[in-house]
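The values are calculated or read from the model by the stated rules, or taken from the named source; none is laboratory data. In this text the structure is predicted, and so the values were computed from the model without any measurement. Cβ: placed from backbone, ideal geometry, glycine included. Neighbour counts: every protein chain shown. Side chains included, ligands, DNA and RNA excluded: accessible areas come from the protein's heavy atoms. Shrake-Rupley method; radii C 1.70, N 1.55, O 1.52, S 1.80 Å.
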Amino acid sequence: MTPLSRRRLLTVGSLSAGALLTGSVPPISFADATFGTTDPARTTSRVSRGLPADVFQLGVASGEPWPDSVVLWTRLAPDPLHGGGLRGIDAVPVEWEIARDQAFRFVERRGTAYAHPREGHSVHVEPQGLRPGREYYYRFRAGTQISPVGRTRTAPARHAQPHRMRFAFASCQNYQHGYFVAYRDLVEQDVEFLAFLGDYIYESAPHPRAVRRHEGTGEPVTLAEYRNRYARYKTDPDLRAAHAHCPWIVTFDDHEVDNDWAGGVPQDPGKQSPAAFAARRAAAYQAWYEHMPVRRIAKPQGTRIQAYRRLRWGDLARIHVLDTRQYRTDQARDPRQFDDPSRTMTGPAQERWLVDGLTSGGQRWNLLANQVPLVRTDRKAGPEEVLWADPWDGYRAQRRRLLRVLGSDPVSNPVVLTGDRHFTMACDLTSDFDDPGARAVGAEIVGTSITSEGDQDQAAWHRRWDQVIAESPYWKYGDGRRGYVVCDVDRERALATLRVASNVGTPDGRMSTARQFVIESGRRGLEAV
Ligand SMILES: [Fe+2]
């Protein structure tokens, strides 16, 4: 390594280590750290010795906490915005290790994975045999280069009865609309995981007047272009620190592919043929997989990807992660079609899977990681009803079925966590949104965005929405600022804390708590504290 790249690596490493620590423990010095048990000179192949410097610029990540395993992720990309920078280099051995301590004195598992060019030189490791409910630290080595250290955590044992859990959820991080101020706050929070509900990237073209600019010349279409787009996002140090801070449970929404896409139908079918859009979707899924800490089961097969899944936090909670893009009917052009029972948001197989998981019991809280708002949102104050066609408002027949299930006795404490809307909505879900006296069947918290829509005029936001909120008895609280939500869940109640940014148009925005919402176990619906 050249002195320059060594210094840079150390800086990157100590920065992310600093983000992990709460001040009491000194940052790890990689110069002194030994990696693995064997002599590096013998285990390093010719390929990895010839690697360009700074292969770990995109950082590390972990995800999918199970009681005995988590996914560890990195991608070798010395030239991230130009295809990664390893063109012509075949599979690269990448050593990994996961330890109980930050200094890697107590290594629990280690091994070697291969970063293949056909996966953008990304690595997904699923170490098995870890202990449940434990904090771990992990890192990678390629050649002589050592990655930053990430912190992760396993889920409690399957039959454990945890008293509490703490996690965060977030969505919609448009790079062009601002700085990821919220993640600087997240790394100060002692959360067990972050659920990311979609719009990790935006596919929009670079905008000359944006706060920060996307790479490239237009919307990504090819795999190479999507890779560069993910790399652009991961050049953000706050995003990398957030990944290194805790495991993520990630799902995608529309902008990972194309605005408002629905199954095989793009936003603008007149401009993208079915074949062209199929190729684009395959490229977008592949790039998503390559950059997300998801399990191998989520590796796409062309235009098919297994993204809906369940995770479990002992008997305290189950997390049902939805896929509301891949199997949905195209958005209705005419609101009269919103009630058509043949229209689906999830497809029939996922709908059955969701109902089964919700009604089979055994968990106190049912958390749905959901992309688009389930709650009715009338966009216009006054007697006229104007709905968006893309969220569940456009799929009302299936929504009625789902609300009936959520309100049924076997479903314990359903709480829907949602992205997409770019403002905060804390809501009761009721059996009939048109009936002001309808009973609550559950709660939904529509999180705001990390940055999408940027810094808005808050007075204008309230002028537009306060009247709608007043006319919507199930909508308890609304807020137009950027941010994310921290949730403290115990056996008696769930407390959601809305963290908002003073501004995201400059890197120095400050975060504060806007409001808290509480959901009592056994009582349907939520209350603003
Ligand atoms: Fe979004």
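Before moving on, here are some points about what is shown:
- Selection of segment 285-303 for residues being within 19 Å of residue 117 (Cβ to Cβ) and in a helix (DSSP H, G or I) yields 285, 286, 287, 288, 289, 290, 291, 296.
- Selected residue (only one of 298, 307, 275, 284 is among the hydrophobic types (A, V, I, L, M, F, W, C) and open to solvent by 30 Å² or more (accessible area, probe 1.4 Å)): 275
- Any hit, segment 164-187, residues being surrounded by fewer than 18 Cβ atoms within 10 Å (Cβ to Cβ) and away from the ligand (no atom under 15 Å from the Cβ): yes
- Residue 346 vs. criteria within 24 Å of the chain's Cα centre (by Cα), at pLDDT 95 or above and more than 19 Å from residue 408 (Cβ to Cβ): no
- Each residue in segment 517-529 was checked for being open to solvent by 60 Å² or more (accessible area, probe 1.4 Å), in contact with a strand residue (DSSP E or B) (Cβ under 7 Å, 6 or more places away or on another chain) and either of a type in the set (A, V, I, L, M) or free of Cβ contacts under 8 Å to residues at least 24 places away in the same chain (or both), and 1 of them qualify.
- Every listed requirement among (1) part of a loop (DSSP other than H, G, I, E, B); (2) touching a residue at least 60 places away in the same chain (Cβ under 8 Å) is met by residue 218 save one, (2).
- Some residue of segment 141-153 being within 16 Å of the ligand (Cβ to nearest atom), modelled with pLDDT of 95 or more and open to solvent by 10 Å² or more (accessible area, probe 1.4 Å): no
- Scanning segment 189-210 for residues that are out of contact with any Asp or Glu (no Cβ under 8 Å at 6 or more places or on another chain), touching a residue at least 12 places away in the same chain (Cβ under 8 Å) and away from the ligand (no atom under 16 Å from the Cβ) yields 189, 190, 191, 192, 193, 194.
- Considering residues of segment 452-477 that are open to solvent by 60 Å² or more (accessible area, probe 1.4 Å) and of a type in the set (S, T, N, Q) only, the residue farthest from residue 207 (Cα to Cα): 467
- Condition check for residue 484: among the aromatic types (Phe, Trp, Tyr), crowded, with 22+ Cβ neighbours inside 10 Å, under 24 Å from the mean Cα position of the chain (by Cα) and under 30 Å from residue 187 (Cβ atoms): yes
- Checking each residue in segment 507-517 for being in a strand (DSSP E or B) and more than 18 Å from residue 191 (Cα to Cα) picks out 514, 515.
- Single residue of segment 243-264 satisfying the filter (β-branched (Val, Ile, Thr) and within 14 Å of the ligand (Cβ to nearest atom)) that is nearest to the chain's Cα centre (by Cα): 251
- Residue check for residue 267: within 16 Å of the ligand (Cβ to nearest atom), without any contact (Cβ under 8 Å) to a residue 24 or more places away in the chain, open to solvent by 10 Å² or more (accessible area, probe 1.4 Å) and in a loop (DSSP other than H, G, I, E, B): yes
- Members of segment 478-506 found to be under 20 Å from residue 200 (Cβ atoms), of a type outside the set (Lys, Arg) and not in a strand (DSSP E or B), listed by number: 504
- Residues in segment 205-227 that are more than 17 Å from residue 277 (Cβ to Cβ) and in contact with a helix residue (DSSP H, G or I) (Cβ under 7 Å, 6 or more places away or on another chain): 207, 210, 211, 212, 213, 214, 215, 216, 227.
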